[in-house]
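Below: the structure, in structure tokens.
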Amino acid sequence: MDKKKAARLQMQEQINSLMTEYSRCRKAGESKRRLNMISGAAYMLIMEEANTVLSRELFAKLYGLLKSYRKRNTLTGLDPGDVVHECFMDVLEIYDEEKDPNFWAYFHTFINRRLIDAYRKETSARTKPDGTEERIPRNLGSLDDMLNYPDTEQTPEPPDNAADQQITAMLSIVVRFEQHLPKRSATPTRLLYFRCFVTDYMICISRAEGLLETVQINEHEAFEAMDDRLLAYVLTDPCRTLVEIRDSALQTYEALEIPDHTGPVNLPLEGFVLRQYLLVRHGRKVTDPAISQQRKLFEQLLGIDGKKHTWSAPEPQPATA
């Protein structure tokens, strides 16, 4: 491992450790002075732009991201340091290490969502010269992906093969959830299930040998559709691109505290893995039949109920008892 990567990982571990301690102390009701000492130490590590590899990378990405927004004449008054400070102060009130043990990945996601919300709020009432409302892009990307976001909105070309079409349709089911289901059926619980299934399939797609090189995937839309908590749960590295999903190692059953199984988790994810995830990360007790029923509905909407997917996902292997 090169020195730069080692320094990055060391700093990430320090920040994660401090914020884990902060979250536990906050929930235990410890003194404000104690909480301020811990959060202050984490904040200094994050804000020391000139002194740490990790902070330099964060600020470089944030500068590029805000520049791409400004090309759209939006969020022109935002300063990267102010964005990081405001997001950090807000995240202190809600961060829970039990739900999101990797604070650094969580903080990136929090900043992304805060900027997307600000962008949509600022442009919601904007109109074009002809009097029509400006179309707000649904997929504004992330600190990594937004750096090369086009200056003008472009209409994507329709996918030209079966795998592309199926993947595009799958992402659309979640991104445009309420358009695919009757209002009474488009519940938050069902959306959570569907995000889990999309995440499962996208992990399989990303890791299928050579598949990323042969299909066209809207990566912005893929990450909007996926459940980032599930990604963090089953992969050992924080992932913000499909290539990073492909290259990350899988968590082991032992690390996820799933009894009677050993070794890396299988793909596609078994029902009991999703059941454990929903319990640990979302506090939801669900049954295997409930997961199967929701997956069947999802696949019916996708048009693959009882059929083989058009992508070459890895075949599941029996778990080792």
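Derivation of every value follows stated rules applied to the coordinates shown; laboratory data play no part. Just so we're clear, the structure is a prediction, and the values are computed from it rather than from any experiment. Cβ sites come from the backbone with ideal geometry, for glycine too, and all protein chains shown count toward neighbours.
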Residue separation between Leu256 and Leu279 times 0.36 nm, minus their alpha-carbon distance, gives in nm 7.1 nm
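To the nearest 0.05, what FRET efficiency results for Cys25 and Thr187 with a Förster distance of 22 Å applied to their C-beta separation?
Numbers: r = 36 Å, r/R0 = 1.62.
For R0 = 22 Å, the calculated efficiency reads 0.05.
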Dimensionless Rg ratio for the stretch 219-294, taking C-alpha atoms and the 2.2 N^0.38 Å reference: 1.13
Most exposed first by the Cβ proxy, i.e. fewest other Cβ within 10 Å, how do Tyr233, Tyr193 rank? Tyr193, Tyr233
Cα gyration tensor shape of the stretch 155-290, rounded if a/c is under 1.5, else prolate or oblate by comparing a/b with b/c: oblate
